[in-house]
Amino acid sequence: MKLLVPIKRVVDFTVKVRVKPDGSGVDLDNVKMSMNPFDEIAVEEAIRLKERGVATEIIVVSLGPAACQETLRTALAMGADRAILVETDAELEPLAVAKLLKQIVAKEETQLVILGKQAIDDDSNQTGQMLAALLDWPQGTFASKLEIAQGKATVTREIDGGLETLELPLPAVITTDLRLNEPRYTSLPNIIKAKKRPLASLKVSDLQTDITPRLKTQKVEAPQPRKAGIRVNSVEELVSKLRQEAKVI
Amino acid sequence: MALLVLAEHDNAALKPATQNSVAAARKIGEKADASEIHVLVMGHQARPVAEAAARIEGVAKVILADAVELGPLTAEILTAQVLLQLQAEHYSHLLAPATTYGKNLLPRIAAKLDVQQISGIIDVLSPTTFVRPIYAGNALATVEGIAGAIIVLTVLSTGFDASPMSEITTPIESAKELAKDSAGVRLVGRQLASSDKIELTAARVVVSGGRGLQKAENFQLLEALAAKLNAAVGASRAAVDAGFVPNDYQVGQTGKIVAPELYIAVGISGAIQHLAGMRDSKVIVAINKDPDAPIFQVADYGLVGDALEILPQLTAQL
């Protein structure tokens, strides 16, 4: 069974981004970029499925500027077999990404797509669900456990009230949540081996998909800063402040 | 113009987040010429949910789609049901709470409609312009829908005060057609927190614990404080990962986003991802051994010290 794992290059999770003073967006100059953490978990899960003999080939795909090659190489170093870059400098909305991924799924004839549940830059949490809709495949989102056997995926999902377990017939789309697994580190020998693994490059226009944006970002601002707080020196002082000053208890 | 809000529920009771989504719909309606808000309840033996939805202020009509196939509340069949409703009546907007329910379901519907959804809105500026947090809430984007037959939105409850329940009940209509196809998806089971726990996203006071509590047993100290304050209990990702509490306690960028009157963060360092989940709380208290912990930068009141000593003292003094 061939697996497709789409990955996104995003601002590293340790970075506290700053908004540009002209309101046009977030300042990304010289900011550290990394694979979206949920996508790392997706790559890791795919590799474990291959190690268990469930998957035969893992294809990672990224859609974006040429620099995404770095992210793809990291996935190859983790253990993916083959990488595809769909190159574009255009900003892609989730619906456009889903449409492009649908084309890749068709080309590669994959039976399972595993994505991160959300990208930590846009925080939309849509792409996996949209891809499932376009493919008319069932979806298992926010997965904290995944088992594949006899043509079915058994997915335990993290939901607001606790956990839910679904059984989906394959082919299916899965999105990963934090506790699905802990991704492996890439060792230097694997990084070197990864250089020999194929990385194909396509232009977004090759996929003949309408990626025109449907939304317009009018401005990006920083949130209202909070008033500076104070240190209290004792529990008594805290209780008193909360009662008398803040009046919340 | 009519707006459709998808009710969130568990077949037995309506979830409060539905009321916040209705509030968002009302705000959109106020900025348009005339509007009617409908609430769609989809489930099995869910009449009590429809009756509750019919009492939300601002709702003109409730549609109840009730069938055994809808009971598991899985995305594939609910998508089909919503699409039937959108064919039955014309809507300018489709809204759902930005809870795991809405986040799982709405994008699937949006893609079937060939519409680019806007996720997690915290404000409405016009019928087509909304504000939403990005980059873990470190930036706010004002976004306008410029194409598409319908506007599809998920609503962050923290941005809109719940539309209250009233004495007036609006009509409940049965859905004209019922979806039958679950796409072969089977609900195996659910493991849910007990329903008598105070819901994190609706609580006036939240008491949250992090890795600084050191052991799962120490969460009992937090629960004792929460009981005194009639508070909900939350946790950082670190506490959940360490197995101190189950995943439904997690507050953060990819967990629950809360904005209570009072948020007490105990033994939580204040990573960017955690702040994303609680930074809009009215009053923030931080208790941490480390005076340089980032949480103190957002706290209104900071107390440096050992949480395990402070918690029992605080509980006793309340």
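Rounded to the nearest 10 degrees, what's the angle between the helix B:75-88 long axis and the longest principal axis of chain B, both from Cα atoms, 0 to 90?
So the helix axis and the longest Cα principal axis differ by about 40 degrees.
Is there a simple number for the mean count of other chain Cβ atoms within 10 Å of the Cβ of residues in A:13-24, and what is it?
Whole-number average of other-chain Cβ neighbours for A:13-24 is 3.
Enter the mean number of other protein chain beta carbons within 10 Å of the beta carbon of each residue in A:166-176, as an integer.
Counting other chains' Cβ atoms within 10 Å and averaging over A:166-176 gives 3.
Hey, if you put +1 on the Cβ of every Lys and Arg and -1 on every Asp and Glu Cβ in the stretch B:1-139, which of B:VAL115, B:GLY137, B:GLN19 ends up farthest toward the positive end of that dipole?
Positive-end residue among those listed: B:GLY137.
Would you mind computing Rg(Cα) / (2.2 N^0.38 Å) for chain B, counting N as its residues?
Working it through for chain B, the quotient is 1.05.
Treating the beta-carbon of each Lys and Arg as +1 and of each Asp and Glu as -1, no other charges, what is the dipole magnitude of chain B about its Cα centre, to the nearest 20 debye?
For chain B, the charge dipole is close to 320 debye.
Just to confirm my numbers, what's the Cα centroid distance between the stretch B:134-178 and the stretch A:157-193 in Å?
So the separation of the two Cα centres works out to 30 Å.
Can you grab the distance from the C-alpha centre of the stretch B:258-318 to the C-alpha centre of the stretch B:1-73, Å, no decimals?
First find each Cα centre; the distance between them is then 36 Å.
Mind listing which trypsin sites (Lys or Arg not before Pro) in the stretch A:197-249 are in a DSSP loop and have 15 or fewer other Cβ atoms within 10 Å?
A:ARG226, A:LYS227, A:LYS247
Which shape class applies to the stretch A:140-216: rounded if a/c is under 1.5, otherwise prolate when a/b exceeds b/c and oblate if not, where a ≥ b ≥ c are the square roots of the Cα gyration tensor eigenvalues? All intermediate terms of the calculation are to be shown ahead of the outcome.
Values: a/c = 1.92, a/b = 1.22, b/c = 1.56.
Oblate, since a/c reaches 1.5 and b/c is not below a/b.
Strictly over 26 Å apart at the Cα level, which of A:LYS152/A:LYS203; A:LYS216/B:LYS27; A:LYS20/A:LYS102; A:LYS16/A:LYS227; A:LYS16/B:LYS228 would you flag in this model?
Checking Cα-Cα distances, A:LYS152/A:LYS203; A:LYS20/A:LYS102; A:LYS16/B:LYS228 exceed 26 Å.
Using a 10 Å cut-off around each Cβ of peptide B:110-121, what is the average number of partner chain Cβ atoms that fall inside?
Across the residues of B:110-121, the mean count of other-chain Cβ atoms within 10 Å is 6.
Return the whole-Å distance between the Cα centroid of the stretch A:222-240 and the Cα centroid of the stretch A:1-55.
Answer, in whole Å: 35.
Rounded if a/c is under 1.5, else prolate if a/b beats b/c, else oblate: with a ≥ b ≥ c from the C-alpha gyration tensor eigenvalues square-rooted, which is the stretch B:102-180?
oblate
Considering only the other residues whose Cβ falls under 14 Å of the Cβ of B:LEU187, what net charge follows from Lys and Arg at +1 and Asp and Glu at -1?
Details: positive: A:LYS152, A:ARG157, B:ARG186, B:ARG190; negative: A:GLU164, A:GLU167, B:ASP10, B:GLU69, B:GLU76.
For residues surrounding B:LEU187, the net value is -1.
Compute the Cα gyration tensor for the stretch B:8-61, then decide on rounded, prolate or oblate, letting a ≥ b ≥ c be the square roots of its eigenvalues: rounded whenever a/c is under 1.5, prolate when a/b is larger than b/c in the other cases, and oblate in all that remain.
Numbers: a/c = 2.90, a/b = 2.19, b/c = 1.33.
Because a/c hits 1.5 or more and a/b exceeds b/c, the stretch B:8-61 counts as prolate.
Looking at the stretch A:24-81, which trypsin sites (Lys or Arg not before Pro) are in a loop (DSSP not H, G, I, E or B) and have at most 12 other Cβ atoms within 10 Å?
Passing both the DSSP loop test and the Cβ count: A:LYS32, A:ARG52.
Between A:THR14 and B:GLU69, what is the label-to-label distance in nm when each label sits 7 Å out along the Cα-to-Cβ direction?
5.2 nm
Determine, for B:MET278, A:MET130, B:MET165, the number of other Cβ atoms within 10 Å of each Cβ, and report the residues in order from fewest to most.
Numbers: B:MET278 27, A:MET130 30, B:MET165 15.
Sorted ascending by nearby Cβ count, the order is B:MET165, B:MET278, A:MET130.
For n ≥ 4 DSSP H runs only, could you compute -39500 (n - 2.57) per run for chain A, divide by its residues and tell me the 222 nm figure to the nearest 500?
Working: 6 runs with 63 residues, N = 249.
Result for chain A: -7500 deg cm²/dmol, rounded to the nearest 500.
What are the GluC sites (Glu not before Pro) within the stretch B:145-188 that DSSP puts in a loop, where the Cβ has at most 14 other Cβ atoms within 10 Å?
For GluC sites (Glu not before Pro) across the stretch B:145-188 that sit outside H, G, I, E and B with at most 14 neighbouring Cβ atoms in 10 Å, the list reads B:GLU167, B:GLU177.
Note the angle between two axes, namely the Cα long axis of helix A:94-108 and the longest principal axis of the Cα atoms of chain A, as a number of degrees from 0 to 90, rounded to the nearest 10.
The angle comes out at about 20 degrees.
With chain A treated as a Gaussian network of Cα nodes joined by springs under 10 Å, which of A:ASP39, A:ASP12, A:ASP210 yields the largest mean-square fluctuation?
Among A:ASP39, A:ASP12, A:ASP210, the largest mean-square fluctuation in the Gaussian network model of chain A belongs to A:ASP210.
Looking at chain A, which longest stretch skips every one of the GluC sites (Glu not before Pro) that is in a DSSP loop with at most 14 other Cβ atoms within 10 Å, leaving the sites themselves out?
The segment A:110-249 is the longest one with no such site.
Which of these, B:LEU106, B:LEU83, B:LEU70, has the largest mean-square fluctuation under a Gaussian network model of chain B (Cα springs below 10 Å)?
Judging by the Gaussian network model, the answer is B:LEU83.
Magnitude of the Cβ-charge dipole of the stretch B:15-114, K/R +1 and D/E -1, about the Cα centre, nearest 20 debye?
Using Cβ point charges on Lys, Arg, Asp and Glu, the stretch B:15-114 gives about 280 debye.
Report the charge-dipole magnitude of chain A in Debye, nearest 20, computed about the Cα centre from +1 at each Lys and Arg Cβ and -1 at each Asp and Glu Cβ.
400 debye
Quick one: helix A:68-78 against the long Cα principal axis of chain A, what's the angle to the nearest 10°, folded into 0 to 90?
80 degrees
Of the options B:PRO171, B:VAL59, B:ALA149, report the single residue whose Cα projects farthest towards the positive end of the charge dipole of the protein assembly as shown (beta-carbon charges: Lys, Arg +1; Asp, Glu -1).
Value: B:ALA149.
Please report A:ASP81, B:ASP306 as a ranked list, fewest other C-beta atoms within 10 angstrom at the top and most at the bottom. Don't skip to the end; give the middle numbers.
On the way: A:ASP81 19, B:ASP306 13.
Result, fewest neighbours first: B:ASP306, A:ASP81.
No lab work stands behind these numbers, since they all come straight from the coordinates. The structure presented is a predicted model; accordingly, all values stated were derived computationally and were not measured. Counting neighbours? That spans all protein chains shown, and the Cβs are built from the backbone with ideal geometry, glycine included.
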